[in-house]
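Asks: One structure coming up, written as structure tokens, with questions to follow.
The values are calculated or read from the model by the stated rules, or taken from the named source; none is laboratory data. Bear in mind the structure is a predicted one, so any value in this text is a computation, not a measurement. Every residue, glycine among them, receives a Cβ derived from its backbone with ideal geometry; neighbour counts consider all protein chains shown.
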Amino acid sequence: MESKSADIQRALIVHVDFKKSSDDAFNEFVQLVESAGLQVIGSIRAPRSAPDAQLFVGKGKADEIAQTAEDLSADVVIFNHSLMPAQERNLEAHIKVRAIDRIGLILDIFAQRARSYEGKLQVELAQLEHLSTRLIRGWTHLERQKGGIGLRGPGETQLETDRRLIGQRIKLIKQRLQKVHKQRHLSRQQRKKNDIPVVSLVGYTNAGKSTLFNYLSGANVVVANQLFATLDPTLRRVETSSGRNIILTDTVGFIRDLPHELVESFQATLDEVREADLLIHVIDVDHEQRQQRIDDVNEVIELIGATNVPQIEVYNKIDNYPEMQARVQLQEDDLNTRIWLSSHSGEGVHFLHEEIERHINQNRHAHFLNLPVTAGQLRAKLFDIGAVRHEDENEKGGWTMEVELEDYRLHKLCEEARLDISQLELQSGASRY
Ligand SMILES: Nc1nc2c(ncn2[C@@H]2O[C@H](COP(=O)(O)OP(=O)(O)OP(=O)(O)O)[C@@H](O)[C@H]2O)c(=O)[nH]1
Ligand SMILES: [Mg+2]
């Protein structure tokens with residue numbers, strides 16, 4: 001789908017402070033609008049306790065927006081919030097200028113950045129799902145030449161035709177995506193079989209993931225001081241210091257209130273993160289809202305079901321602070337090791353190399369399992385990844401086995417097989433070997 005911003009230049013932006021006013025949220029909004037290639041010509045901020053059902057803002061504020069938009073000849077008014085379709089419609093009628101909400105804005109940036117076949121399909125799907133709730137009479141964005149004539153049934157209104165066309169297009173895209181996803185799934189299976197660990201970079205947008213990715217892999221992924229510079233995932237095979245191969249992946253950044261249409265459409269891309277063996281959570285050390293952003297990212301990680309994957313927290317950009325030293329902070333529970341480094345200068349990156357190595361090689365433990373006969377699939381997987389050390393058939397037709405693998409990986413496999421690990425694992429003292 002064509003980017004909406006192709007013909008839009010001058011943006012008036014509106015940000016409502018519902019709780020306490022937050023400059024960070026406002027500044028990020030400006031950055032988002034600029035990342036979409038728009039020019040911010042004016043801004044309106046307003047405190048409010050709750051959104052108005054009709055206009056989102058109060059009537060007086062809506063009048064002010066309309067007047068300012070006219071005075072500044074704005075092409076578009078952008079709201080830093082998610083608007084209900086009816087609110088968006090009422091606002092447009094009231095201010096007589098195109099109104100776009102935060103989700104529409106983020107979708108537009110994604111549409112501009114998508115390069116790969118899969119990325120383009122994913123963005124179009126998200127856009128169509130966003131649009132399908134916003135169809136109104138007289139709506140004319142959809143390309144009619146794709147089959148309007150001949151498709152239109154007798155007595156059918158334009159609105160119904162549009163809805164039907166969108167529905168058909170959504171179905172078609174989903175079918176195409178399914179094919180791509182199958183391929184992706186197969187390559188992942190192959191990597192698992194070959195026991196190549198996958199290490200995925202995740203983090204808030206603009207934290208420096210691609211810069212670190214390039215440093216670690218020698219790749220040349222686009223780095224830019226804009227939000228969502230990266231959209232399509234990139235994978236590189238990288239050798240660790242002990243000569244072990246890993247797959248390193250760079251992917252789309254996260255942001256506060258990531259539209260759920262996007263998370264859904266990008267499920268396949270995000271599967272790479274969910275099925276990774278290790279996450280490197282890149283954090284901009286520079287940012288005053290650092291903790292908030294860490295929480296935002298962890299929220300998305302939870303949303304996509306990747307909470308079980310171990311994390312290394314990388315506090316990036318220490319070169320901005322002469323007093324900051326590269327260092328490692330090992331957490332007591334051995335989870336979420338923290339590393340301070342600079343992806344620009346490379347200072348401290350060797351700590352990260354060491355940590356990756358440690359995670360990959362030293363987190364394997366022996367587990368003693370008692371598998372019922374119904375757990376054949378789990379058993380086959382354990383063999384597939386080369387984790388089985390010993391196996392005996394037990395009296396009930398199941399198996400008693402000793403396996404060696406990372407705890408989280410065993411948990412993940414059990415989860416996938418819908419088996420409760422606590423029912424399977426024998427106390428290590430009960431080992432028969
Ligand atoms: N000073 C400093 N700047 C950095 C460092 N790492 C990245 N940057 C800058 O931060 C900005 C964002 O870097 P990217 O690598 O594109 O960030 P990203 O996380 O991939 O961002 P998205 O793909 O947009 O989500 C760029 O301007 C980089 O030059 C660092 O270690 N030090
Ligand atoms: Mg990037």
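Asks: Restricting to the range 90-115, name every residue that is touching a residue at least 40 places away in the same chain (Cβ under 8 Å) and assigned to a helix (DSSP H, G or I).
Replies: Arg102, Ile103, Gly104, Leu105, Ile106, Leu107, Asp108, Ile109, Phe110, Ala111, Gln112, Arg113, listed by residue number.
Asks: Here's a follow-up. Which residues, counting only those in the range 252-264, are more than 15 Å from ligand 1 (Cβ to nearest atom) and in contact with a Phe, Trp or Tyr (Cβ under 9 Å, 6 or more places away or on another chain)?
Replies: Within the range 252-264, no residue meets the criteria.
Asks: Right, here's the next one. How many of the residues making up the range 231-284 are in contact with a Lys or Arg (Cβ under 7 Å, 6 or more places away or on another chain), within 16 Å of ligand 2 (Cβ to nearest atom) and more than 18 Å from Leu125 (Cα to Cα)?
Replies: Residues in the range 231-284 being in contact with a Lys or Arg (Cβ under 7 Å, 6 or more places away or on another chain), within 16 Å of ligand 2 (Cβ to nearest atom) and more than 18 Å from Leu125 (Cα to Cα): 6 in total.
Asks: Only one residue in Asn214, Asn225 is assigned to a loop (DSSP other than H, G, I, E, B), within 16 Å of ligand 1 (Cβ to nearest atom) and polar (S, T, N, Q), so which one is that?
Replies: Asn225
Table: residues versus (1) more than 10 Å from ligand 2 (Cβ to nearest atom); (2) in the same structural domain as Leu352 (by TED's automatic domain parsing).
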{"position": "Arg188", "(1), (2)": "yes, no"}
{"position": "Thr205", "(1), (2)": "no, yes"}
{"position": "Lys209", "(1), (2)": "no, yes"}
{"position": "Leu216", "(1), (2)": "yes, yes"}
{"position": "Val221", "(1), (2)": "no, yes"}
{"position": "Asn225", "(1), (2)": "yes, yes"}
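Conditions tested, residue by residue: (1) surrounded by fewer than 21 Cβ atoms within 10 Å (Cβ to Cβ); (2) more than 22 Å from Asn308 (Cα to Cα).
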residue: Thr234; (1), (2): yes, yes
residue: Val252; (1), (2): no, no
residue: His260; (1), (2): yes, no
residue: Leu270; (1), (2): no, no
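Asks: Could you grab me the full set of residues in the range 267-297 that are away from ligand 1 (no atom under 16 Å from the Cβ), among the polar types (S, T, N, Q) and either assigned to a loop (DSSP other than H, G, I, E, B) or without any contact (Cβ under 8 Å) to a residue 12 or more places away in the chain (or both)?
Replies: Gln291
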